[in-house]
Amino acid sequence: MSVIRRIAALGAGLALLASPVAVAVTVAAEAPAGQRTEVSSVTDGSPGPDGPSGASVSSVPSPAERRAAADATARRLAAADIVDVPVTFTVRNVNRSRTGCRPAGGTHRIRGHLTAPRAVLAGGKPAVTLYQHGIAAGEWYWRLDVPGYHYAEELARRGHASVTVDRLGYGSSDRPDGFGTCIGAEADIAHQIVRQLRAGTYDLGARPAGGPAKPPAFARVALAGQSNGGQVVQIAAYSFGGIDALMIMDWTDRGLTPEANTRFFAALQSCMAGGQPSRRPGDPGGYVYYDLGPDQFRRGNFHDTERRVVDAATPHQNRHPCGDMTSQLESVFTDLKHLSTITVPVLFVYGDEDARVTGGAAHRRLFTGARTELIDIPGAGHYATMARSAPRTFDRVDAWLDARGL
């Protein structure tokens with residue numbers, strides 16, 4: 001690992017110690033892949049996936065079962081007259097945002113899906129929301145193949161178009177060296193995608209029966225982000241504008257918990273050692289797990305969640321690019337300077353049992369230039385829209401989007 005990368009990683013750690021969210025944490029090294037163990041129950045006494053104790057046996061779906069679940073999702077969408085088509089955006093890995101970090105440059109492909117009622121896409125001036133996932137997730141967060149919990153499907157059933165993507169360095173999108181991107185570049189890329197959605201200058205995958213013949217151009221675009229995807233979208237909003245509304249889910253600049261900071265330092269230690277390949281041996285390096293194994297993944301993200309949802313999500317646990325993490329804390333200071341300049345309507349969504357983020361109301365108060373609304377989800381964890389209360393949350397997001405013509 002180069003000296004420059006070591007300094008960048010160390011600087012992120014020092015920034016955290018000096019930041020408004022500083023707390024005492026314990027550093028733990030990332031467990032090698034061969035030593036990551038599956039733990040089948042929640043034992044902290046909090047309401048778990050299957051009741052107050054959470055002590056039920058895990059049954060993670062096999063690859064064949066996951067394919068069957070995806071096929072079932074496709075059939076549900078078709079039966080509901082919902083278009084679900086792959087999309088690709090060609091973007092530059094640059095940072096022109098107000099937060100200072102230096103990506104490696106280059107042209108890359110960002111891949112995802114457009115999910116919308118066929119009637120919406122057939123309309124004259126459709127609207128769409130672009131969703132950005134968090135640091136420990138991917139596009140899968142919005143497309144979990146469990147009936148009632150597939151976010152894009154549920155919003156389409158309520159009349160809304162969604163574009164969900166894997167950010168640069170994640171999932172099906174290009175995965176360059178993990179130190180070659182940063183949080184400001186992710187915000188710039190989100191802005192580039194917004195512009196392409198407005199102009200219809202992106203690529204559609206295989207056209208579904210009766211689907212659009214060319215990429216739809218959208219008259220109105222909202223930007224939404226979950227976890228540090230919330231930081232990505234707020235940076236894009238105050239740096240570039242060009243959106244009609246903003247949704248921030250499970251993110252606050254000054255409310256990261258000791259649990260979150262412990263995970264941060266554990267991942268930072270791995271980054272300082274050079275990180276790991278993005279997915280398989282021989283892949284680009286500079287990637288780490290945020291959670292040390294499936295049990296930490298479950299404990300940190302879920303609360304009052306059905307076991308089938310937790311089990312469906314667990315196989316998706318993925319490494320993230322070190323550059324995203326090492327630039328995140330410095331960007332907090334930039335956020336605090338500029339959040340007041342955002343003027344579009346803002347919706348905040350938080351689970352009140354989030355193990356990683358607190359202080360949603362305090363974060364909302366930083367947006368002094370915008371009309372804001374906050375949804376507090378009782379009993380929900382960090383993956384708030386995967387809690388048992390998800391249908392009510394979808395209804396409230398639906399109402400907010402409807403009120404703003406989105």
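The values are calculated or read from the model by the stated rules, or taken from the named source; none is laboratory data. Quick caveat: nothing in here was measured; it's all calculated off a predicted structure. Here Cβ is always computed from backbone atoms with ideal geometry, including for glycine, and neighbour counts include all displayed protein chains. When the accessible area is computed, the model is the full protein with side chains, heavy atoms only, and any ligands, DNA or RNA have been set aside. Shrake-Rupley method; radii C 1.70, N 1.55, O 1.52, S 1.80 Å.
Scanning the range 360-406 for residues that are of a type in the set (A, V, I, L, M), open to solvent by 50 Å² or more (accessible area, probe 1.4 Å) and in contact with a Leu (Cβ under 7 Å, 6 or more places away or on another chain) gives a single hit, 361. With 369, 323, 381, 359 as the choices, which residue is of a type outside the set (A, V, I, L, M, F, W, C) and touching a Cys at 6+ places or on another chain (Cβ under 6 Å)? Just a single option satisfies the conditions, and that option is 323. With the requirement that a residue be of a type in the set (D, E, K, R), more than 11 Å from the chain's Cα centre (by Cα) and within 25 Å of residue 72 (Cβ to Cβ), what does the range 146-187 give you? Across the range 146-187, the qualifying residues are 153, 154, 157, 158. A Cβ distance below 6 Å, combined with a sequence gap of six or more or placement on separate chains, defines the contacts here; from the range 293-304, residues that are touching a residue at least 12 places away in the same chain (Cβ under 8 Å) and under 8 Å from residue 355 (Cα atoms) reach residues that are aromatic (Phe, Trp, Tyr) and surrounded by 23 or more Cβ atoms within 10 Å (Cβ to Cβ) in the pairs 301/383.
Would you mention how many residues in the range 325-349 are polar (S, T, N, Q) and assigned to a loop (DSSP other than H, G, I, E, B)?
Summing the residues that are polar (S, T, N, Q) and assigned to a loop (DSSP other than H, G, I, E, B) in the range 325-349 gives 2.
Just wondering, is there one or more residues in the range 212-221 that are closer than 27 Å to residue 392 by Cβ and either under 18 Å from the mean Cα position of the chain (by Cα) or not in a strand (DSSP E or B) (or both)? Taking every residue of the range 212-221 in turn, at least one turns out to be closer than 27 Å to residue 392 by Cβ and either under 18 Å from the mean Cα position of the chain (by Cα) or not in a strand (DSSP E or B) (or both).
Quickly run through the range 70-100 and pick out the residues that are assigned to a loop (DSSP other than H, G, I, E, B) and modelled with pLDDT of 95 or more. I'd like the intermediate steps shown before the answer.
First, the residues of the range 70-100 that are assigned to a loop (DSSP other than H, G, I, E, B): 80-81, 93-100.
Within the range 70-100, 80, 81, 93, 94, 95, 96, 97, 98, 99 meet the criteria.
Restricting attention to the range 250-260, the residues being open to solvent by less than 10 Å² (accessible area, probe 1.4 Å) and either free of Cβ contacts under 8 Å to residues at least 12 places away in the same chain or not hydroxyl-bearing (Ser, Thr, Tyr) (or both) number 5. In this structure, does residue 361 turn out to be in contact (Cβ under 8 Å) with a residue 12 or more places away in the chain, in a loop (DSSP other than H, G, I, E, B) and among the small types (Gly, Ala, Ser)? For residue 361, the condition - in contact (Cβ under 8 Å) with a residue 12 or more places away in the chain, in a loop (DSSP other than H, G, I, E, B) and among the small types (Gly, Ala, Ser) - is not met. Pairs meeting the criteria (first residue in the range 172-187 and buried (at least 22 other Cβ atoms within 10 Å of the Cβ), second residue among the aromatic types (Phe, Trp, Tyr) and at pLDDT 95 or above, beta carbons under 7 Å, at least 6 apart or on different chains) are 178/287.
Restricted to the range 136-145, and to residues there that are open to solvent by 10 Å² or more (accessible area, probe 1.4 Å) and modelled with pLDDT of 95 or more, the residue that is farthest from the chain's Cα centre (by Cα) is 145.
The set of residues from the range 330-359 being in contact with a Ser or Thr (Cβ under 6 Å, 6 or more places away or on another chain), over 25 Å from residue 241 (Cβ atoms) and crowded, with 21+ Cβ neighbours inside 10 Å comprises 356, 357. In this entry, residue 307 passes the filter for residues that are surrounded by fewer than 22 Cβ atoms within 10 Å (Cβ to Cβ), touching a residue at least 12 places away in the same chain (Cβ under 8 Å) and more than 23 Å from residue 167 (Cβ to Cβ).
Is the range 106-114 home to any residue that is open to solvent by less than 10 Å² (accessible area, probe 1.4 Å), closer than 29 Å to residue 326 by Cβ and at pLDDT 95 or above? Before you say what the answer is, go through the steps one by one.
Filtering the range 106-114 for residues open to solvent by less than 10 Å² (accessible area, probe 1.4 Å) gives 110, 112, 114.
From what's left, closer than 29 Å to residue 326 by Cβ: 110, 112.
Narrowing the set further to residues that are at pLDDT 95 or above leaves 110, 112.
For the range 106-114, residues open to solvent by less than 10 Å² (accessible area, probe 1.4 Å), closer than 29 Å to residue 326 by Cβ and at pLDDT 95 or above: present.
Yes/no per residue for (1) surrounded by fewer than 22 Cβ atoms within 10 Å (Cβ to Cβ); (2) at pLDDT 95 or above; (3) in a helix (DSSP H, G or I):
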| site | (1), (2), (3) |
| --- | --- |
| 233 | no, yes, yes |
| 236 | no, yes, yes |
| 246 | no, yes, no |
| 262 | yes, no, yes |
| 265 | yes, no, yes |
| 279 | yes, no, no |
| 284 | yes, yes, no |
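Looking across the range 113-137, the residues that are in contact (Cβ under 8 Å) with a residue 60 or more places away in the chain and either part of a helix (DSSP H, G or I) or on the phi > 0 side of the Ramachandran plot (or both) come down to 118, 121.
Of all residues in the range 150-171, those that are open to solvent by 10 Å² or more (accessible area, probe 1.4 Å) and in a loop (DSSP other than H, G, I, E, B) total 4.
Scan the range 91-104 residue by residue and report those that are of a type outside the set (A, V, I, L, M) and surrounded by 14 or more Cβ atoms within 10 Å (Cβ to Cβ).
We begin by selecting, within the range 91-104, every residue of a type outside the set (A, V, I, L, M); these are 92-93, 95-103.
92, 93, 95, 97, 98, 99, 101, 102, 103, listed by residue number.
Filtering the range 197-211 to residues that are in contact with a strand residue (DSSP E or B) (Cβ under 7 Å, 6 or more places away or on another chain), surrounded by fewer than 21 Cβ atoms within 10 Å (Cβ to Cβ) and assigned to a helix (DSSP H, G or I) leaves only 198.
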